[in-house]
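Novice: Have a look at this one.
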């Protein structure tokens, strides 16, 4: 590993520097002071230093004397030339004395180079934080359990099952494998580019396995009735939430619903002299139809069985409708749209009819046309229908001429919903 080699090299350089410093400040003298002989026969000149620093010789009386090259002082003050300690001999004694220190240092350096991981660990002052900048985290299990949390500068990539205890903060955490953590909080601040707080990718590739991408399992031993499994907010207001009972609530309206109520199942007419019959016009095309035997009038109604709610501002509201109808052979004498209304039923009370949606704008056709009309009706004031035991329906009246043909295919209804 390159990082291990660098660690060993740095440690070795430090040891060499320490040795050179020690050699300079604690060097042996070439000449040794002795009152016994020109060269001390007991210590052979070992243990003395010169000039500003010395280590006393414990085996002779030449302690603390200053030695100059080539001369020494005897006990009575005479200057006497003494024989220098042989250079090779001094080096050998120096090496023998320093060998334990050098050997121990090299052993420490070798152990440190093998065992120390190649991380740069920064530990600033309190609060304690650890910044890990590894060259790679491949096939690594990471456990972080600091007292006050850890900070990751840049991207922390974890491969393998890892456990985080305490606060972990950083720019990006990428995990491959199981990550166990508590109270995950993403504080992203002000963003000027797309940076999802949580982004996950997966490839499912086993036909016999039932996969689950996101999973949460709550043991509800005790909790308030309004507790939520999910709460997505904008500006502190819930936009989508799921209660612990599994009720989904959406704040916004869904405005793009359209449903076609076919005439065969949702429309009917009174029968003063005959009836509008169910007719198969062609494959998959059915209608309520009448071929007049004279001047005939029919009152026709179509109901919209949407999902209504009794809570104000909830449920469904009709925002527009289109009547699919056809006139053949002879024009209608008249075609009058009567109302878009609600009909409410109460026990032992006559049914109550009330206009629905404000002003309704629609122009009903009377002329013959080879193909069906799709007549648009505009709802002036769409409103949620919140009345219990009520229905919403259209009502129109046609007056037919003799031999005229009228077909009613159904009504297409546009509506919005609010589930919150």
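The values are calculated or read from the model by the stated rules, or taken from the named source; none is laboratory data. All figures in this text were calculated on a predicted structure; none of them were measured in a lab. Methodologically, a virtual Cβ is constructed for each residue, glycine included, from the backbone with ideal geometry; neighbour enumeration extends over all protein chains shown.
Novice: Going through 228, 276, 248 one at a time, which residue ends up being touching a residue at least 40 places away in the same chain (Cβ under 8 Å) and surrounded by 13 or more Cβ atoms within 10 Å (Cβ to Cβ)?
Specialist: One residue alone meets the criteria, 276.
Novice: Now for a separate question. Take residue 305 and tell me if it is touching a helix residue (DSSP H, G or I) at 6+ places or on another chain (Cβ under 9 Å), under 30 Å from residue 251 (Cβ atoms) and assigned by TED's automatic domain parsing to the domain that holds residue 288.
Specialist: yes
Novice: For the range 302-420, which fully contained strands (runs of 3 or more DSSP E) count at least 2 residues that are crowded, with 20+ Cβ neighbours inside 10 Å?
Specialist: Here the list reads 315-328, 334-346, 373-379, 390-400, 405-418.
Novice: Identify, by number, the condition in (1) assigned by TED's automatic domain parsing to the domain that holds residue 411; (2) without any contact (Cβ under 8 Å) to a residue 40 or more places away in the chain; (3) surrounded by 13 or more Cβ atoms within 10 Å (Cβ to Cβ) that residue 243 doesn't meet.
Specialist: Of everything listed in (1) assigned by TED's automatic domain parsing to the domain that holds residue 411; (2) without any contact (Cβ under 8 Å) to a residue 40 or more places away in the chain; (3) surrounded by 13 or more Cβ atoms within 10 Å (Cβ to Cβ), residue 243 misses just condition (1).
Yes/no matrix, rows are residues, columns are (1) assigned to a strand (DSSP E or B); (2) farther than 23 Å from residue 315 by Cβ:
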| position | (1), (2) |
| --- | --- |
| 223 | no, yes |
| 231 | yes, no |
| 261 | yes, no |
| 268 | yes, yes |
| 279 | yes, yes |
| 289 | yes, yes |
